[in-house]
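Student: Handing you this structure, nothing more for now.
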Amino acid sequence: MAASRGIGQFYPVASPLHALDPRAKILATAILVVGVFLIDSMAGFLVISGAIAALVVVGHIPTRTFLRLLRPVLFIVALTVFFQVLFSREGATLFEWGFVEVHSGGLRLGFLLALRILLLVSAAGLLTATTAPVALADGIEDLLSPLKKARFPAHEVAMMMTIALRFIPTLGEEAEKIQKAQAARGANFSEGGLVHRVRALVPVLVPLTIGAFRRADELAEAMESRGYRGGEGRTRYRELRFRYRDALALIVTVMILAAGVLA
């Protein structure tokens, strides 16, 4: 099962990171995300990368399992770096061939942009891997609860976000099954030009979309049959408690962010 794990999937082990209050982990992740956008130096990215690597160890998540979280975004990262290097004109010219020019500034910006995307995905993956879906929904709802005075549907928004995260690995597994079934029928997804490959994906995207709507209908019917009518009047089996260790985790996160920005 470890091989099929991806972003949005919970890794159930006992660790200090799993034991933290979900609200603390959500706030810490938000702080890290903001910090990634504020950092613009290689030293700062190394600080954040080292912190995430240490958290993976503390969370008792196998390195190979965690690295699989990055696989779905590698194509986006490569494409982003390619366009950044191709169209940026900052810095000295390193390579020139016709209208194609590669500048040192473009390489640097592309590399930093790739690191930024990978760190964002890593922070989100670490949150979902160490927080159970129910706890994640409760944490989001509690953080949004002050907005209830303005009639903001905090419970419903938290539920939708949690379900969306939970459906990411499910849709990924479904896409892999459909792709293997199409390949067994003679479909070729690895040969030909870009247009051919895009057309080859149509037999995958159509049944995947239909399956996603079917799963959504089944989930809605299952929730209604169990008496779900929104968050009004609902109680929790386990109440969240913010302890000193959660406050300490937030303080350490702010210190890491400060070290990354100042590096």
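A short reminder: the numbers here are calculations on the coordinates, not readings from a lab. Source: prediction; values computed, not measured. All Cβ positions, glycine included, derive from the backbone under ideal geometry; neighbour counts span all protein chains shown.
Student: Skipping prolines and chain starts, which residues have an amide H placed within reach, meaning under 5 Å, of the one on Gln9, given they are 5 or more residues away or on another chain?
Tutor: Those lying under 5 Å, H to H, from Gln9: there are none.
Student: Once the principal axes of the Cα atoms of the chain are found, what is the range along each, listed largest first in whole angstroms?
Tutor: Result for the chain: principal-axis Cα extents of 68, 55, 39 Å.
Student: Which value at 222 nm does the chain reach when only helices count, each DSSP H run of 4 or more adding -39,500 (n - 2.57), with the total divided by all residues and rounded to the nearest 500 deg cm²/dmol?
Tutor: Dividing the helical sum by the residues of the chain leaves -22000 deg cm²/dmol.
Student: What lysines could a cross-link reach from Lys149, if we take a straight Cα to Cα line under 30 Å and drop same-chain neighbours fewer than 8 places away?
Tutor: Lys25
Student: Can I ask one more? Can you sort Asp138, Asp246 so the residue with the fewest Cβ neighbours within 10 Å comes first?
Tutor: The order, fewest Cβ neighbours first, is Asp246, Asp138.
Student: Cα gyration tensor of segment 56-209, axes a ≥ b ≥ c as square roots of the eigenvalues: rounded (a/c below 1.5), prolate (a/b > b/c) or oblate? Write down the numbers at each step before the final one.
Tutor: On the way: a/c = 2.11, a/b = 1.33, b/c = 1.59.
Oblate is the answer for segment 56-209, as a/c is 1.5 or above yet b/c matches or exceeds a/b.
Student: Can you tell me how much longer the chain between Val13 and Ser49 gets when fully stretched, taken as 0.36 nm per residue apart minus their C-alpha distance, in nm with one decimal?
Tutor: Extending this stretch completely gives an extra 10.7 nm.
Student: Using only the Cα atoms of segment 1-86, construct the convex hull and provide its projected area averaged over every direction, in square nanometres to one decimal.
Tutor: About 6.7 nm², averaged over all directions.
Student: A further question on this structure: 5 Å is the cut-off here: which amide hydrogens, built 1.01 Å from N in the peptide plane, fall below it relative to Leu94, excluding neighbours closer than 5 in sequence?
Tutor: Val102, His103, Ser104
Student: List the GluC sites (Glu not before Pro) within segment 48-106 that fall in a DSSP loop (any state other than H, G, I, E or B) and whose Cβ has at most 12 other Cβ atoms within 10 Å.
Tutor: Glu90
Student: May I ask you to sort Ser122, Ser15 by Cβ crowding, counting other Cβ atoms within 10 Å and putting the fewest first?
Tutor: Ser15, Ser122
Student: How high is the relative contact order of segment 8-82, in percent, with contacts defined as C-alpha pairs under 8 Å that are six or more residues apart?
Tutor: Rounded, it is 42 percent for segment 8-82.
Student: Additional query: Could you work out the longest stretch of the chain that avoids the chymotrypsin sites (Phe, Trp or Tyr not before Pro) located in DSSP loops with at most 13 other Cβ atoms within 10 Å?
Tutor: The longest such stretch corresponds to 100-227.
Student: While we're here: Please compute the length gained on full extension between Arg64 and Ile163, using 0.36 nm multiplied by the number of residues separating them and subtracting their Cα-Cα distance.
Tutor: Contour length minus the Cα-Cα distance gives 33.1 nm.
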